[in-house]
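**Q** Would you mind keeping the following structure in view while I ask a few things?
The values are calculated or read from the model by the stated rules, or taken from the named source; none is laboratory data. The structure presented is a predicted model; accordingly, all values stated were derived computationally and were not measured. We place every Cβ from the backbone using ideal geometry, glycine too, and count neighbours over all the protein chains shown. These area figures cover heavy atoms from the full protein model, side chains too; ligands, DNA and RNA do not enter into them. Shrake-Rupley method; radii C 1.70, N 1.55, O 1.52, S 1.80 Å.
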Amino acid sequence: MRLDKFFTAVGLLSRKEAAGATRAGRITVNGETVRRADGHIDEQSDLITLDGVPVGYSEFDYFWLNKPSGYVSATEDGRFPCVTELLPPPYDKRGLFPCGRLDRDTVGLMLLTNDGELSHRLLSPRHHVEKEYRFICDAPLALDAEARFAEGMMLGSEPCKPAVLLCDPDRTGGVITLTEGKYHQIKRMVEACGATVISLERISFAGIALDPSLARGELRPLTDEEIERLRHAAD
Ligand code: URA
């Protein structure tokens, strides 16, 4: 198949855009930068990349974002920038959305995808997908905080599922593991134990840790193995 036709078939670039992208050196085939869009490729066996991101016949796209502070977990917002604005073209036009929400001032690991079914299953409390957060708070947490997290505390009239709290020795920070995602859940749980969260970072999602090579605001595509792990976690 012609390279430009391949890019239109996967819905990433028009033929004209594919020609521009090859001229700009943005496309590689089996590791070699190609300069012509009318060359032929084998879409089954050749490894094609656009801006370093492998392109396959997959219906969906999956990116890890190291979310910076100041961005809202949405695709549109009248007031603040949205996490999807950090996607590079052409992925900014492929209907990706954040899988779950992090508060505007929360940073760290976030999945952006257009696979609605997988996203829905990952977020469903039925699947108990673990999310780990590193927090710092303004005062030592109450001594019974671990037990209250483990029992499943009440937030107002809302019962929370059991969660794990591992406090730092001075109790003004630590790591919390949740299997659900209620509104401001960690901030409210910490508040219930006598302190206010002053910084919050998601450090893992479904057992996959935030990639230390990903700077705040950066994205990278998931590996095939990571997509498989997410599917497995949401089974
Ligand atoms: N809990 C919170 O309070 N905020 C987040 O962003 C995520 C979990």
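**Q** Which residue, 82, 109, 119, has the largest displacement toward the positive end of the dipole of region 75-135 when charges sit on each Cβ (Lys, Arg +1; Asp, Glu -1)?
**A** 119
**Q** Given a Förster distance of 45 Å, report the FRET efficiency between residue 30 and residue 136 from their Cβ-Cβ distance, rounded to the nearest 0.05. Don't skip to the answer; put the middle values down first.
**A** Working: r = 46 Å, r/R0 = 1.03.
The value I calculate is 0.45.
**Q** Quickly work out the residue 215-to-residue 46 label distance, labels modelled 7 Å from Cα along the C-beta direction, and quote it in nm with one decimal.
**A** So the label points at residue 46 and residue 215 sit 3.3 nm apart.
**Q** Would you please give the FRET efficiency between residue 77 and residue 170, computed as 1/(1 + (r/R0)^6) with r the Cβ-Cβ distance and R0 = 35 Å, to the nearest 0.05?
**A** Working from the Cβ atoms, E equals 0.40.
**Q** Here is a further query. Using a ≥ b ≥ c from the Cα gyration tensor of region 130-205 (square roots of the eigenvalues), is it rounded, prolate or oblate, where a/c under 1.5 gives rounded and otherwise the larger of a/b and b/c decides, a/b for prolate? Intermediate results must be reported in sequence, preceding the final value.
**A** Values: a/c = 1.44, a/b = 1.14, b/c = 1.26.
Rounded, since a/c falls under 1.5.
**Q** Could I ask something else about it? How large is the accessible surface of residue 57 in square angstrom, using a 1.4 angstrom probe and rounding to the nearest 10?
**A** About 110 Å², ignoring ligands and nucleic acids.
**Q** Using a cut-off of 17 Å between alpha-carbon atoms, which lysines can reach residue 182, once sequence neighbours fewer than 8 places away in the same chain are excluded?
**A** 131, 161
**Q** Using a ≥ b ≥ c from the Cα gyration tensor of region 3-54 (square roots of the eigenvalues), is it rounded, prolate or oblate, where a/c under 1.5 gives rounded and otherwise the larger of a/b and b/c decides, a/b for prolate?
**A** Values: a/c = 1.38, a/b = 1.10, b/c = 1.26.
Rounded, because the longest to shortest axis ratio a/c is under 1.5.
**Q** At 1.4 Å probe size, what's the solvent-accessible area of residue 232? Round to the nearest 10 Å².
**A** 140 Å²
**Q** Step through the residues of region 13-19 one at a time and calculate ³J(HN,Hα) from phi using the Karplus curve (6.51 cos²θ - 1.76 cosθ + 1.60, θ = phi - 60°), rounding each to whole Hz and writing x for Gly and Pro.
**A** After applying 6.51 cos²θ - 1.76 cosθ + 1.60, I find 9, 6, 4, 5, 5, 5, 5 Hz.
**Q** Only four residue types carry charge here, +1 at the Cβ of Lys and Arg and -1 at the Cβ of Asp and Glu. Report the dipole size of the chain about the Cα centre in Debye, rounded to the nearest 20.
**A** 560 debye
**Q** Okay, next question. Using a 1.4 angstrom probe on heavy atoms only, work out the carbon and sulfur share of the accessible area of the chain in %.
**A** It is 51 percent, rounded to a whole number.
**Q** Under the rule a/c < 1.5 gives rounded, and otherwise a/b versus b/c splits prolate from oblate, where does the chain land using the Cα gyration tensor?
**A** prolate
**Q** Name the residue from 155, 227, 53 whose Cα lies farthest towards the positive end of the charge dipole of the chain, charges +1 on Cβ of Lys and Arg and -1 on Cβ of Asp and Glu.
**A** 53
**Q** When ligands, DNA and RNA are left out and all protein chains stay put, how many square angstrom of accessible area per residue does the chain have with a 1.4 Å probe?
**A** Using a 1.4 Å probe on heavy atoms only, each residue of the chain averages 51 Å².
**Q** At 7 Å along the Cα-to-beta-carbon direction for both residue 92 and residue 235, put a label point, then send me their distance in nm to one decimal.
**A** Going by the 7 Å Cα→Cβ label model, 3.8 nm.
**Q** Another question, then. Could you name the aspartates and glutamates in cross-link range of residue 187, using Cα to Cα under 20 Å and dropping any fewer than eight places away on the same chain?
**A** Output for residue 187: 103, 105, 130, 132, 138, 144, 146, 151, 158, 168, 170, 201.
**Q** OK, next. So how do 185-191, 78-84 stack up, highest first, on mean other-Cβ count within 10 Å?
**A** For the peptides 185-191, 78-84, the packing ranking is 185-191, 78-84.
**Q** What size of dipole, in debye to the nearest 20, comes out for region 44-120 about its Cα centre when the only charges are +1 on Lys and Arg C-beta atoms and -1 on Asp and Glu C-beta atoms?
**A** Value, rounded to 20: 240 debye.
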